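I have placed the structure first, in the form of structure tokens, so that the comments after it can refer back to it.
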Amino acid sequence: MRHSIKLAVSAALALSATSALATNGDHLIGLGAKSRGMGGTAIGIFHGAESGLTNAALITQIENTEISFGGTLFMPKVSADMGAGSSDSAADMSMIPEVSIATKVNDNFYWGIGMWGTAGMGVDYRDEKGYTANMNMVTNLQLMQFGVPLAFQMSGFSIGITPILQYGALDIHYKNPSNTQPGYSGTGAGVAQDLAFGYNIGLAYKISGFTVGAIYKSPIEIEYKGQLSTATQPFVDAGVFPGAMDDTLEQPAEMGIGASYDFSGNTIALDYTQIKWSDAKGYKEFGWNDQNVIALGYEYAASTWAIRIGYNYSDNPIDDAGALTLAKAGEIAGGQPTPDMFGGNAINTFNLLGFPATVESHYSIGGTYAFSKTFSMDLAYVIAPETSTKLLTMPDMQNGRDMYTEVKHSQSSFSFQLNYAFN
């Protein structure tokens with residue numbers, strides 16, 4: 001059964017030949033075109049069937065049955081400079097699918113089912129040449145979740161839970177620029193994939209035009225066999241790390257609150273979410289900080305159309321891991337520095353070259369057009385302006401020189417969604 005599920009998910013992920021560099025860490029800022037058009041707001045505002053994963057309590061506002069199908073064309077632009085000029089990552093486009101269904105059973109009970117591409121990140125410098133060549137780093141993390149939202153409501157108050165089956169795939173490959181062995185092809189173990197379970201819980205209360213909501217998403221552990229352990233082993237062999245990292249990479253717990261107010265066709269929504277990277281296995285070893293995410297959205301809806309705008313801000317989770325210059329390490333060591341003093345430099349190298357989740361601000365615009373009372377189309381466009389992050393990375397100890405790596409990262413994406421509401 002697990003093998004069949006993996007084959008089905010692999011077929012869906014074949015739509016994304018390269019990896020998605022999502023916006024809040026490795027998370028998309030919103031699921032579905034309505035949410036993305038409003039800056040990712042989704043905790044305290046109803047978005048139809050697509051609300052089944054973000055806050056299942058909100059599907060209690062479905063009138064009968066609704067089906068949504070669509071996806072996001074994601075276009076990140078990442079470049080890295082390790083001291084010999086900037087090079088662009090070739091992982092610059094991917095398609096992220098989404099399907100959501102929600103239905104009303106009776107006045108109190110609602111349920112649904114869905115498949116959502118939720119997160120990912122990666123780079124591709126495999127064809128780079130010259131000094132360091134950005135270590136020919138290639139990374140690809142893809143996450144997809146299957147869920148069955150269940151919701152109960154009474155007197156304006158609703159509660160929902162979505163049991164989740166998460167599929168994850170991870171690949172890390174790079175070349176050590178100091179390795180001169182003939183035929184050396186680099187460090188990597190091929191793609192690893194696995195399944196794991198989790199859950200989302202949501203609450204909502206609606207009175208007149210005012211809606212408030214709250215969510216909790218459980219952490220989900222996945223073991224990517226041979227990935228992090230293989231990628232970090234060369235640093236163990238060189239004396240930089242005391243031991244190879246565990247192959248578990250955990251999607252972190254999330255908690256958030258949100259609210260929206262609807263008046264005369266206008267809707268304003270605000271969300272606050274905290275993503276607990278510092279507690280998540282794998283990410284905490286890479287020194288990621290918790291993210292505080294603020295999302296603000298506005299919608300004006302007429303009888304057959306709607307327009308949306310939004311803004312989303314999240315802290316950069318990547319910080320300096322305690323890297324040292326050769327001079328500082330030598331000063332601390334009282335002479336010749338030793339490799340074990342550069343663990344922070346190695347962490348910076350992995351974070352900036354392999355997993356540069358550094359964008360912060362995001363601006364969005366979107367809209368809906370209803371072709372009939374039952375059939376409509378949603379569109380959204382999101383742009384994240386370029387950020388620049390520069391940190392000390394692994395020094396060139398053979399030539400006695402420090403190495404700084406600067407990564408520039410921007411994003412744009414286009415979301416498309418079709419909706420059918422049964423009478």
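Does MET144 qualify as being crowded, with 23+ Cβ neighbours inside 10 Å and either at pLDDT below 90 or of a type outside the set (S, T, N, Q) (or both)? It is true that MET144 is crowded, with 23+ Cβ neighbours inside 10 Å and either at pLDDT below 90 or of a type outside the set (S, T, N, Q) (or both).
Counting residues in the range 191-213 that are in contact with a helix residue (DSSP H, G or I) (Cβ under 7 Å, 6 or more places away or on another chain) and β-branched (Val, Ile, Thr) gives zero.
Here is a yes/no grid of residues against (1) surrounded by fewer than 16 Cβ atoms within 10 Å (Cβ to Cβ); (2) under 30 Å from PRO395 (Cβ atoms):
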| position | (1), (2) |
| --- | --- |
| ASN289 | no, yes |
| VAL293 | no, no |
| TYR298 | no, no |
| SER303 | yes, no |
| ASN316 | no, yes |
| LEU324 | no, yes |
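Annotation note: of THR358, THR349, the sole residue that is of a type in the set (S, T, N, Q), part of a loop (DSSP other than H, G, I, E, B), within 18 Å of TYR283 (Cβ to Cβ) and under 31 Å from the mean Cα position of the chain (by Cα) is THR358.
Considered as a group, the residues in the range 336-392 that are in contact (Cβ under 8 Å) with a residue 24 or more places away in the chain and aromatic (Phe, Trp, Tyr) include one that is farthest from GLY37 (Cα to Cα), and that residue is PHE342. Scanning the range 254-274 for residues that are under 19 Å from the mean Cα position of the chain (by Cα), among the aliphatic types (A, V, I, L, M), modelled with pLDDT of 95 or more and in a loop (DSSP other than H, G, I, E, B) turns up nothing.
If only one of SER413, SER376 is within 20 Å of the chain's Cα centre (by Cα) and either small (Gly, Ala, Ser) or not in a strand (DSSP E or B) (or both), which one is it? Going through SER413, SER376 in turn, just one is within 20 Å of the chain's Cα centre (by Cα) and either small (Gly, Ala, Ser) or not in a strand (DSSP E or B) (or both): SER413.
Looking only at the range 116-152, filter to residues that are assigned to a strand (DSSP E or B) and in contact with a helix residue (DSSP H, G or I) (Cβ under 6 Å, 6 or more places away or on another chain); which one of those is farthest from ASP396 (Cα to Cα)? Steps first, please.
Taking the range 116-152 as the starting set, the residues that turn out to be assigned to a strand (DSSP E or B) are 116-124, 138-147, 150-152.
Still in the list and also in contact with a helix residue (DSSP H, G or I) (Cβ under 6 Å, 6 or more places away or on another chain): 116, 139, 142, 144, 147, 151.
Working: TRP116: 43, THR139: 23, GLN142: 32, MET144: 39, GLY147: 48, ALA151: 57 Å.
The selected residue is ALA151.
Just to verify a result, which residue in the range 91-117, among those that are polar (S, T, N, Q) and buried (at least 21 other Cβ atoms within 10 Å of the Cβ), is modelled with the lowest pLDDT?
Applying the first criterion (polar (S, T, N, Q)) to the range 91-117 yields 94, 100, 103, 106, 108.
If we keep only those that are buried (at least 21 other Cβ atoms within 10 Å of the Cβ) as well, we get 94, 100.
Values: SER94: 85, SER100: 95.
Looking at residues that are polar (S, T, N, Q) and buried (at least 21 other Cβ atoms within 10 Å of the Cβ), I get SER94.
Any chance you could count how many residues in the range 198-245 are in contact with a strand residue (DSSP E or B) (Cβ under 6 Å, 6 or more places away or on another chain), of a type outside the set (Lys, Arg) and within 26 Å of ILE62 (Cβ to Cβ)? Counting residues in the range 198-245 that are in contact with a strand residue (DSSP E or B) (Cβ under 6 Å, 6 or more places away or on another chain), of a type outside the set (Lys, Arg) and within 26 Å of ILE62 (Cβ to Cβ) gives 17.
Table: residues versus (1) surrounded by fewer than 20 Cβ atoms within 10 Å (Cβ to Cβ); (2) at pLDDT 90 or above; (3) of a type in the set (A, V, I, L, M).
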position: GLN336; (1), (2), (3): yes, no, no
position: GLY344; (1), (2), (3): yes, yes, no
position: PRO356; (1), (2), (3): no, no, no
position: TYR363; (1), (2), (3): yes, yes, no
position: GLY366; (1), (2), (3): no, yes, no
position: PHE371; (1), (2), (3): yes, yes, no
position: PHE375; (1), (2), (3): yes, yes, no
position: MET397; (1), (2), (3): yes, no, yes
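All told, TYR216 falls short of being within 21 Å of GLY25 (Cα to Cα), surrounded by fewer than 16 Cβ atoms within 10 Å (Cβ to Cβ), touching a Lys or Arg at 6+ places or on another chain (Cβ under 9 Å) and not charged (D, E, K, R). For LYS129, are the conditions met, namely being farther than 30 Å from THR54 by Cα, crowded, with 21+ Cβ neighbours inside 10 Å and basic (Lys, Arg)? Criteria not met by LYS129.
The set of residues from the range 50-101 being under 15 Å from ALA119 (Cα atoms) and assigned to a helix (DSSP H, G or I) comprises LEU53, THR54.
Cβ-Cβ distances below 6 Å connect the following pairs, each with a first residue in the range 289-300 that is over 10 Å from SER260 (Cα atoms), a second residue that is surrounded by fewer than 23 Cβ atoms within 10 Å (Cβ to Cβ) and basic (Lys, Arg), and a separation of six or more residues or different chains: ASP290/LYS276.
Residue-level check: of (1) touching a Ser or Thr at 6+ places or on another chain (Cβ under 9 Å); (2) of a type outside the set (Lys, Arg); (3) without any contact (Cβ under 8 Å) to a residue 40 or more places away in the chain, LEU203 misses just (3).
Being touching an Asp or Glu at 6+ places or on another chain (Cβ under 8 Å) and either crowded, with 16+ Cβ neighbours inside 10 Å or closer than 14 Å to LEU353 by Cα (or both) is a description that applies to PRO76.
The values are calculated or read from the model by the stated rules, or taken from the named source; none is laboratory data. Predicted model, so just to flag it, every value in this text is computed and none were measured. Counting neighbours? That spans all protein chains shown, and the Cβs are built from the backbone with ideal geometry, glycine included.
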